Amino acid sequence: MTRSDLVEELANRFRQLTHRDAEFAVKSILDAMNDALVRGHRIEIRGFGSFSINRRPPRMGRNPRSGESVAIPEKRVPHFKPGKALREAVDTRTAELESQSKP
């Protein structure tokens with residue numbers, strides 16, 4: 001699902017929202033999540049999952065083309081951990097779809 005798919009789904013589900021309002025709502029939510037992660041905060045959405053920042057320490061890597069060692073600096077990367085309800089829903093729905101597709 002892409003961002004535009006999410007906007008379409010929101011606009012279709014809530015008929016009182018115009019397409020522009022749905023687009024603004026999705027953009028606002030994603031911007032707020034982005035800002036929170038940049039500030040180092042953790043985002044928890046009950047029943048869905050949590051977003052946090054993981055630190056990757058500096059390390060020595062290798063250039064695959066030349067074989068020479070390369071210093072890779074420290075990085076902070078976003079991390080998503082799905083909630084229990086999401087994991088169970090995905091597992092159940094995936095199993096149902098697989099059993100329906102088998103003859």
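The values are calculated or read from the model by the stated rules, or taken from the named source; none is laboratory data. Just so it is clear, the model here is predicted, and its values are computed rather than measured. Glycine gets a Cβ as well: all are built from the backbone with ideal geometry, and neighbour counts include every protein chain shown. Ligands, DNA and RNA are stripped out before the accessible areas are found, and what is left, the full protein with its side chains, is counted by its heavy atoms. Shrake-Rupley method; radii C 1.70, N 1.55, O 1.52, S 1.80 Å.
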Item to check | Cα coordinate range in the chain, projected on the principal axes (Å, largest first) | outcome: 57, 44, 28
Item to check | Mean separation of Cα contacts under 8 Å, 6 or more apart, over the residue count of the chain: relative contact order % | outcome: 19
Checklist outcome for this item: In terms of the charge dipole of the chain, which places +1 on Lys and Arg and -1 on Asp and Glu at the beta carbon, the residue among L17, V38, T2 farthest towards the positive end is V38
Checklist entry - Once every DSSP H run of n ≥ 4 in the chain is given -39500 (n - 2.57) and the sum is divided by its residues, what mean residue ellipticity at 222 nm do you get, rounded to the nearest 500 deg cm²/dmol? => result -16000 deg cm²/dmol
Item to check | Protection proxy ranking, peptides 4-12, 28-36, average beta carbon neighbours within 10 Å, highest first | outcome: 4-12, 28-36
Checklist outcome for this item: Taking a probe of 1.4 Å and leaving out DNA, RNA and ligands, the chain shows per residue an accessible area in Å² of 85
Checklist entry - Taking R0 as 35 Å, what's the FRET efficiency between K84 and R20 from their Cβ-Cβ distance, rounded to 0.05? => result 0.45
Next on the checklist: At 1.4 Å probe size, with the rest of the protein present, what percent of the exposed accessible area of the chain is carbon and sulfur atoms?
Outcome noted: 54
